[in-house]
Structures are given as structure tokens and as C-alpha cells.
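Asker: I have a structure here, written as C-alpha cells, and I will follow up with some questions on it.
Throughout, read-outs are computed from the coordinates displayed, never taken from laboratory work. Note that the structure is predicted; figures quoted are calculated from it, not measured. So basically every Cβ, Gly included, is an ideal-geometry build from the backbone, and we count neighbours across all protein chains shown.
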Ligand code: 13P
Ligand code: SF4
């Protein structure tokens, strides 16, 4: 990966009044016209989301971003791995920029190429004659996407994990899924595996990730021990309290939540699924949602006829998603309009080739 331009400078003073920032940002956006497309993930702050031409969960943004070939510039309102994926799927004439290159993802950081390569070498040696298919969650670095592409695997998102797992199990004997243990377990249950099926691979344990060799030999699911620090703050107790306060409440959670939370909820699904369910449920519904606060708050504002709230009212929103602020967006747009391309996300060509194979496999499954 390489970048050009100032990386994390605070470009527009944070104390410029919001109306002035908005005026400047919209003027720069208008000057860029069709040369620019802005993609926005649902967890972004309200103050920047209004600028998005295309909104979506990570799957839709990959799919629709790849189709937006008319624009030379793609500005991503989201986190680093999403911007990398947009770059991998982009055309040669396109450049991807991210208003803050420090917008990472705790979950994606739970796996790195060195420990995954080591785990792969150990598990394939321990499982002779068994074909293991590696699957990486979209929330992972471009190098891990390239790794799965090169080893017969694919990328998946929370919106298509079930389909990707079924595909992988039709191609091989077992799935090696990283970096989210919880999405992996929730998906395993969805495709019919018992709750306690699967072996957890802990990258901090040198030998076989702490897995029991006999269990490893018998499993169809190997799960990396990684987690999202937002979705693991939701608990079964919060669900019980929500039900005690309102027995008619509908509880919907994201599948990055731990399995007991998914099991206690009424439904689980990707951010796009959660949005759809809020539209479908009738007026007067009481809905409690276990996912990032920015999205839940937007849903609350969008559906004044329904009582929508976050499962954890005291949650800290995803801090990395929140690094994309109006001042940074304004700086980015004004720089682009002035002909200076800043904060480029540019995945190395070799890495891009195999990562694209893995992302294309995912898009083909859809
Ligand atoms: P989605 O795949 O639902 O967009 O989720 C991405 C993410 O980062 C969730 O924490
Ligand atoms: Fe990553 Fe979790 Fe933030 Fe999603 S909510 S971007 S998984 S840290």
C-alpha cells in the first residue's frame, strides 16, 4: 500500500463554524461535478453522510462503487479497508481518497498477514488430505484479501456470509474464517451447524492457535479469535432489560455480536438488513438495535412513527468511523477541487491482482 499527500494533518481548523464549513464543502463538491463520486458507509457521522452519492453497507458499497466507473475520483466516507476494497475494484483511471488515513478498524487489526500465513502453514500440515477454504471478512487488510484469493478462497461481508460459507463448504472440507470469531459462529449456526461446532484459532497461542488436534481434525469451521470492539459491548442482559421494560419490543442485532446475543435477539443481519427491517415493521413498532450508534440514530430520525433506540444507550460509537469529520471532508473536497489529490489509498499492484480475485468471487456469489 502506498499513499501520497499529507496523511493526518488537521486540514481545516476545527473551530470554523459549521455553516461556513458546509458552504465551502458544498461549493467544492459542486465544482467537482461528475468527476467525483462519494461513497458513504451507514456508520458515518450525520455531518458527512449528507454528502454521500451512494450509501450502503460494506457489500453494497463494494458492488455499487465498482459500477461507478464514470467518475475519476472516488471519495470514501468509511474506514480504511473499505477504501482499499474500492481501489482494488476500481478502474485504472480512478483514484480513491479517504479524508483521514487513520480511519482504521479494530476488528480488521485482529489479523495480520504474518500470523495468518503461520496459522495456514500449521493447519494445512495438521490436516493432511483435507481441503480448507480460507474466507476473509471484508473487514481485513488488502494483503489478507490477496492471501485468500491466492489460496482458492473469497471475501465475504455480513450481508453474504451465509452464501459464502455454503460456497466454501461445497468447494472444500472446512472453512478457515478470519478475523471475526462471532460473525463466523453466527454464520455457522445459520447454515445448520450446532451452536458448539467450530474450533477457535487464537493467534496469540504459538502452537496450533491453542486448538485441540483431534477437534481440529473433525471440524468444518475454524474461527480466528478476533472481535469488533463496538459490537461486543452488546450483552444478553441488555436484551433482557429491554424486554422487561417493553415486552413487545423487537430486538435486531448485527452478526458481529457474540453468539449468545444473536441467539437472544429476535433477528440478526447486516446493516442493510437492519435498515430494511426498520422500514418493514409497522408504524408504532418498538425496535431496539444492536449496532453502531450513528446508524441507529439516523433510523430513529427517519422513522418518527416508530420507537427506535440503541440496545446500549451508553455505547461509544465506532471511533474510527467517527474520524471522518466535516472539517476533514471540507479540506479533502477543497483540495480535490483545487487539483491537489490528497490522502490517496493505493493498493500495491501485485496485492491488488489476487485481492481482486477474492473480491470478484464474492461479487459472483451475489
Ligand atoms: P456491514 O458489512 O454490515 O456494512 O458492517 C461493516 C462493519 O464494519 C460492521 O461493524
Ligand atoms: Fe470495525 Fe467494529 Fe468499527 Fe465496524 S464497528 S468499522 S467492525 S471497529
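Asker: Can you put 76, 227 in order, fewest other beta carbons within 10 Å first?
Answerer: 227, 76
Asker: Would you mind giving the average projected area, over all directions, of the Cα convex hull of the stretch 232-284 in nm² with one decimal? Let's see the in-between values first.
Answerer: On the way: hull surface 14.8 nm².
The number I arrive at for the stretch 232-284 is 3.7 nm².
Asker: Another question, if that's okay. If you build the convex hull over the alpha carbons only and average its shadow over all orientations, what do you get for the stretch 98-237? Give it in nm² to one decimal.
Answerer: Details: hull surface 37.0 nm².
Result: 9.2 nm².
Asker: Let me ask another. For the stretch 148-228, how big is the tail of P(r) above 16 Å, as a whole percent of Cα pairs?
Answerer: The share of Cα pairs beyond 16 Å in the stretch 148-228 comes to 49 percent.
Asker: What number does the stretch 233-352 give for Rg over Rh if you use C-alpha atoms and the Kirkwood radius?
Answerer: Rounded to two decimals, Rg/Rh equals 1.12.
Asker: Pop a pseudo-label 7 angstrom from the Cα along the beta-carbon direction at both residue 23 and residue 197 and give the gap in nm to one decimal.
Answerer: Reported label-point gap for residue 23 and residue 197 is 6.2 nm.
Asker: Provide, for q = 0.14, 0.20 Å⁻¹, the log10 of I(q)/I(0) from a solvent-free Debye sum over equal Cα point scatterers in the stretch 113-195.
Answerer: -0.43, -0.90
Asker: Ranking 268, 305 by Cβ neighbours within 10 Å, fewest first, what do you get?
Answerer: 305, 268
Asker: With the contact rule set at Cα under 8 Å and sequence spacing of 6 or more, what percent relative contact order holds for the chain?
Answerer: Once divided by the residue count of the chain, the mean separation gives 26 percent.
Asker: Moving on. Just need the relative contact order of the stretch 256-343 here, percent rounded to a whole number, with Cα pairs under 8 Å and 6+ apart.
Answerer: 21
Asker: Residue separation times 0.36 nm, minus the C-alpha to C-alpha distance between residue 70 and residue 114: what's the value?
Answerer: My answer for the length gained is 12.1 nm.
Asker: Can you grab the distance from the C-alpha centre of the stretch 192-240 to the C-alpha centre of the stretch 92-126, Å, no decimals?
Answerer: Taking the Cα centre of each part, the stretch 192-240 and the stretch 92-126 sit 19 Å apart.
Asker: Something else now. For the stretch 299-344, max minus min Cα coordinate along each principal axis, in Å, sorted largest first?
Answerer: 46, 23, 15
Asker: With all pairs of different alpha carbon atoms counted, what Kirkwood hydrodynamic radius in Å does the stretch 124-164 show?
Answerer: 11.0
Asker: Quick check: residue separation of residue 360 and residue 151 times 0.36 nm, minus the Cα distance between them. What number comes out in nm?
Answerer: 73.8 nm
Asker: Relative contact order, percent, of the stretch 32-191 when contacts are C-alpha pairs under 8 Å separated by at least 6 residues? Write out the running numbers ahead of the final one.
Answerer: Values: 254 pairs, mean separation 28.9, N = 160.
Contact order relative to length: 18 percent.
Asker: Give the peptides 79-86, 279-286 in descending order of average Cβ contacts within 10 Å, highest first.
Answerer: 79-86, 279-286
Asker: What does the highest-first list of 42-51, 198-207 look like by mean Cβ count within 10 Å?
Answerer: Numbers: 42-51: 19.9, 198-207: 16.1.
Order by mean packing, descending: 42-51, 198-207.
Asker: Can I ask one more? Quote the Stokes-Einstein diffusion coefficient, in whole µm² s⁻¹, for the chain, based on the Kirkwood radius over alpha carbon pairs, a temperature of 20 °C and a viscosity of 1.002 mPa s. Show your work: numbers first, answer last.
Answerer: On the way: Rh = 21.3 Å.
Translational D for this selection: 101 µm²/s.
Asker: Roughly speaking, what % of Cα-Cα pairs in the stretch 43-92 are separated by over 19 Å, rounded to a whole number? List each step's numbers first, then the result.
Answerer: Working: 222 of 1225 pairs.
Tail fraction, whole percent: 18.
Asker: Give me Rg/Rg_expected for the stretch 170-301, where Rg uses Cα atoms only and Rg_expected = 2.2 N^0.38 Å with N residues.
Answerer: With N residues counted in the stretch 170-301, Rg over 2.2 N^0.38 Å equals 1.20.
Asker: Treating the Cα atoms of the stretch 1-144 as identical point scatterers in vacuum, please give the log10 of the normalised Debye intensity I(q)/I(0) at q = 0.10 Å⁻¹, two decimals.
Answerer: Rounded to two decimals, the profile gives -0.43.
Asker: So if I average 1/r over every pair of distinct C-alpha atoms in the stretch 284-366 and take the inverse, what Kirkwood radius in Å does that give?
Answerer: 16.8
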